[in-house]
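Participant: First the structure, which I've put down as structure tokens, then a few questions once you've had a look.
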Amino acid sequence: MYFYMPTKVFCEKNCVMNHKEELCGLGSKAFIITGRHSSKKNGSLQDVRTALEEMGVPYLVFDEIEENPSVETVMKARQTGLDAGADFVIGIGGGSPLDAAKAIALMMKHPGENGEFLYRKGSDEAYPVAAVPTTCGTGSEATPWAILTRHELRIKGSISHKIFPALALSDPGYLRSAPSSVLVSTSVDAMGHCIESYINTNATDYTRMLCEKSLSLWSKGKEVLLGKREAEEEDLQNMMNASTLAGMAISHTGTSLPHGLSYYLTYEEGVPHGRAVGIFQAPYMAAADEAVRGQVLDKMDFQDMDEFKHFMDELLGRIEIPAHIQERAVREMLQNHAKLVNCPYPVDEVVLKNFF
Ligand SMILES: [Zn+2]
């Protein structure tokens, strides 16, 4: 067994201000990577600005990261960061800015390389990255993964390099202003990370321990996700912890079929990542070993698959997937070695067609 988690993780209220020394110890000029809106609304960007200003560390903000960020955006930001002379990167937001921050830190360290380098084997050296998550799904603050959109292939895909953040500063208070649709989508993503990590060729006692704890924390918020009660402080803390723990698990196992299939829905139909991942969880579990499936259901506090399916339908609703997208997803998934090897049961065309 093997366990490697080099990110220093703090998860608490006022996390950024509490750990401003650690944040500012990463370099002498910060390059802040974020999206256009949410980090301004939830206070995370202002917290990071204040922390840097109080410590006398200069910074530049790049707030043009779109949902499902593209290689082109990463390359544009790389140039901005290099021109500014920044030597560490702070990603603030959901999975999109955090993943982009990793790719930008990598490309800044390799100024002579073009965008193809992201998808080639080579040095993983990057400028230090700090991650400030403001959603509860990606787990990117505790993973080495970065998923970018590749328009030339009409798909999302993980870069070839592993970039763990040096520091994760996770404040559940940032979830307070998130719309319920974002809480649902991102929480379902975290749940999916656990299911795909638990039912996985690479699962170990260590990763299953992380998934079990994550799923039991996740299960406490089911009524909040369904809109049956308001989220309390403890719920937000549980959701944030569940997401980070799930991130640590997939750092070791990777994800499998549901994530691989979801990218087609997101790219072609604009379905948010968590929702796209969520609809494939029941079929992924249904084809798995019965005992392992039972353990997953037990941790999520569901009696059986019927109860789980009913919950997911109520939460996500139905998504119609056009036939040509289904066919492409099945065809290309059968060639997607990286996701197939993580699946512990045999996969063929018939198995995949059952996912739709
Ligand atoms: Zn995901």
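Participant: For the condition open to solvent by less than 50 Å² (accessible area, probe 1.4 Å), closer than 27 Å to Ser96 by Cα and of a type in the set (Ser, Thr, Tyr), what is the one hit in Tyr345, Tyr264?
Facilitator: None of the others qualify; the one that does is Tyr264.
Participant: Here are Leu316, Leu226, Leu215: which of them is surrounded by fewer than 18 Cβ atoms within 10 Å (Cβ to Cβ) and under 15 Å from Thr186 (Cα atoms)?
Facilitator: Exactly one residue qualifies, and that residue is Leu226.
Participant: Are any of the residues in region 259-273 closer than 24 Å to Thr186 by Cα, acidic (Asp, Glu) and within 22 Å of the chain's Cα centre (by Cα)?
Facilitator: yes
Participant: With region 1-87 as the region, which helices (runs of 4 or more DSSP H) entirely inside it contain at least 3 residues that are touching a Phe, Trp or Tyr at 6+ places or on another chain (Cβ under 8 Å) and closer than 16 Å to Ala105 by Cα?
Facilitator: Result: 71-84.
Participant: If the requirement is being more than 22 Å from Pro272 (Cβ to Cβ), open to solvent by less than 20 Å² (accessible area, probe 1.4 Å) and within 13 Å of the ligand (Cβ to nearest atom), which of these qualifies: Ser251, Ser243?
Facilitator: Ser251
Participant: Within 13 Å of the ligand (Cβ to nearest atom) and outside any helix (DSSP H, G or I) - does that describe any residue in region 326-335?
Facilitator: no
Participant: Right, another one. Search region 267-277 for residues being touching a residue at least 60 places away in the same chain (Cβ under 8 Å) and open to solvent by less than 10 Å² (accessible area, probe 1.4 Å), and hand back the single one that is nearest to the ligand (Cβ to nearest atom).
Facilitator: Looking at residues that are touching a residue at least 60 places away in the same chain (Cβ under 8 Å) and open to solvent by less than 10 Å² (accessible area, probe 1.4 Å), I get Val277.
Participant: Hey, another quick one. Considering only residues of region 1-19 that are more than 23 Å from the chain's Cα centre (by Cα) and either within 27 Å of Glu66 (Cα to Cα) or hydrophobic (A, V, I, L, M, F, W, C) (or both), which is surrounded by the fewest Cβ atoms within 10 Å (Cβ to Cβ)?
Facilitator: The qualifying residue surrounded by the fewest Cβ atoms within 10 Å (Cβ to Cβ) is Met1.
Participant: Find the residue count for region 48-79, including only residues that are open to solvent by 50 Å² or more (accessible area, probe 1.4 Å) and either at pLDDT below 95 or under 30 Å from Thr266 (Cβ atoms) (or both).
Facilitator: 7
The values are calculated or read from the model by the stated rules, or taken from the named source; none is laboratory data. Quantities reported herein were computed from a predicted structural model and do not represent experimental measurements. For neighbour counting, all protein chains shown are included, and Cβ atoms are generated from backbone atoms with ideal geometry for every residue, glycine included. Each accessible area value is taken on the protein alone, full model and side chains, heavy atoms only, with ligands, DNA and RNA left out. Shrake-Rupley method; radii C 1.70, N 1.55, O 1.52, S 1.80 Å.
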